[in-house]
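The values are calculated or read from the model by the stated rules, or taken from the named source; none is laboratory data. These numbers were taken from a predicted model, which means no experiment stands behind them. Counting neighbours? That spans all protein chains shown, and the Cβs are built from the backbone with ideal geometry, glycine included.
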Amino acid sequence: MAKLRVGLLFGGRSVEHEVSIASASSILQALDPSRYEVLPICVGHDGAWRIGSVGMLPEETAQAEHDLPALPGTLAIERLGGDPSDGRPVDVIFPIIHGTGGEDGALQGFLELADVPYVGAGVLASAVQMDKDVTKRLLLQAGIAVVPWVCVDAAELGDPDAVEARAFGELAPPVFVKPANLGSSVGTHKVKTREELLPALRDAARYDEKILVERAIDGREIEVAVLGDREPEASLPGEIVPRSEFYDYESKYVDEETELAVPAELEPRQVETVRRLACDAYRAVEGCGMARVDFFLERGSGEWFVNELNSLPGFTDASMYPRLWDATGLPYPALLDRLIELAFERHRRRRALETTYRRG
Ligand SMILES: Nc1ncnc2c1ncn2[C@@H]1O[C@H](COP(=O)(O)OP(=O)(O)O)[C@@H](O)[C@H]1O
Ligand SMILES: [Mg+2]
């Protein structure tokens, strides 16, 4: 049987460009070479797509910026569908671009229009999970506890007293301030005094028009990996143990000391609860493909809160998502097989839908 040709799409125009290259390298190494042939495709900081050749490594493709032709996405996708370098189209795209433009539904919409099977969440689930405010509203509707929050529009910063009164009318410091649509803790601040609120909001407003002010939770950070479409399955939970005050950009990508406990040390009853909550939350945001569901387990009360969902979690072999599946009995290469299978299944299901109206 001919090998499946996988277009491994990575890079992107975001602060997570380098993280994406690392994820893509791990994926390339783990994909079974007897089943797959991988074509690396790098989206540069300039937004142009550069198609490597089969066998080329993601980091080589990223470095070959000057040698590979820079194509607009539209042209690249056309070429991938018909005639890359040797006339064979890609069978499936594995997008592993984090953040804006990569996991917010924009890229998924583009791949949808190109009618190519792709790994991971679709347009709606991606867009919802990217927006922390919309995510919370859907979770609340499903009866799932979220951290109490106030949503601020950047335009409101023109009247600072009113914003402060509204935020502190509902929440007492300490609070967290963060842009609604971002990741990697960029623009996120822990605000301990009233005076710190406005500077934090102004900084967050550099990244997004919508900003969340949230009650600060004193709790453990527990994460669960979810996989599947119609009948999603949840992994064992893991725990993030950051060294700094919270899980900020440094502790995510720079500080090697941040510890991931896989699996997390929890009571069997707590494990059961959090796995069930993870599947419920996934369904509430119409999740498909995969997502990592991040929780706080509050100290003292023992209450669970969903913090956020990530439709395109970090994906190196040392990242939480693959490690959680590994600990649950699904090793990294088998996880990749499953994700690719899900991409084909979803594409087939959508293809089977009628697109013209027939009477009777
Ligand atoms: N309400 C909160 N209470 C306590 N810690 C928080 C809260 N919100 C965020 N944090 C801390 O900030 C980190 C990043 O915030 P998060 O909401 O997960 O955004 P991101 O999308 O950037 O990961 C979290 O992992 C956690 O350490
Ligand atoms: Mg997070």
**Request:** Scan the range 179-226 residue by residue and report those that are in a strand (DSSP E or B) and either more than 14 Å from ligand 1 (Cβ to nearest atom) or among the hydrophobic types (A, V, I, L, M, F, W, C) (or both).
**Result:** 191, 211, 212, 213, 222, 224, 225, 226
**Request:** Go through the residues of the range 138-161 one by one and say whether even a single one is of a type outside the set (Lys, Arg), within 19 Å of residue 41 (Cβ to Cβ) and touching a residue at least 24 places away in the same chain (Cβ under 8 Å).
**Result:** no
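Condition check ((1) more than 24 Å from the chain's Cα centre (by Cα); (2) part of a strand (DSSP E or B); (3) not β-branched (Val, Ile, Thr)) across all residues:
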| residue | (1), (2), (3) |
| --- | --- |
| 13 | no, no, yes |
| 41 | no, yes, no |
| 55 | yes, no, yes |
| 102 | no, no, yes |
**Request:** Can you tell me which residue within the range 309-322, out of those that are buried (at least 21 other Cβ atoms within 10 Å of the Cβ) and over 19 Å from residue 249 (Cβ atoms), is nearest to ligand 2 (Cβ to nearest atom)?
**Result:** 309
**Number of the exception - residue 304 against (1) away from ligand 1 (no atom under 16 Å from the Cβ); (2) farther than 22 Å from residue 21 by Cβ** = (1)
**Prompt:** Within the set of pairs 6+ apart or on separate chains, which have a first residue in the range 198-220 that is without any contact (Cβ under 8 Å) to a residue 40 or more places away in the chain and more than 30 Å from residue 264 (Cα to Cα), a second that is within 16 Å of ligand 2 (Cβ to nearest atom) and among the hydroxyl-bearing types (Ser, Thr, Tyr), and C-beta atoms under 9 Å apart?
**Reply:** 200/188; 204/188
**Asked** Does residue 306 qualify as being within 15 Å of ligand 2 (Cβ to nearest atom), crowded, with 21+ Cβ neighbours inside 10 Å and either in the same structural domain as residue 228 (by TED's automatic domain parsing) or outside any strand (DSSP E or B) (or both)?
**Response** yes
**Request:** Return the only residue of 243, 349 being at pLDDT below 95, touching a Ser or Thr at 6+ places or on another chain (Cβ under 7 Å) and not in a strand (DSSP E or B).
**Result:** 243
**Message:** What's the number of the only condition in (1) closer than 23 Å to residue 290 by Cβ; (2) among the β-branched types (Val, Ile, Thr); (3) not in a helix (DSSP H, G or I) that residue 150 fails to meet?
**Reply:** (1)
**Asked** For the range 112-131, how many residues are touching a helix residue (DSSP H, G or I) at 6+ places or on another chain (Cβ under 8 Å), modelled with pLDDT under 95 and part of a helix (DSSP H, G or I)?
**Response** 1
**Prompt:** Within the range 201-220, is there a residue that is more than 14 Å from ligand 2 (Cβ to nearest atom) and out of contact with any strand residue (DSSP E or B) (no Cβ under 8 Å at 6 or more places or on another chain)?
**Reply:** yes
**Message:** Checking residue 339 against (1) out of contact with any Gly (no Cβ under 6 Å at 6 or more places or on another chain); (2) in contact (Cβ under 8 Å) with a residue 60 or more places away in the chain; (3) at positive phi, only one condition comes out false. Which one?
**Reply:** (3)
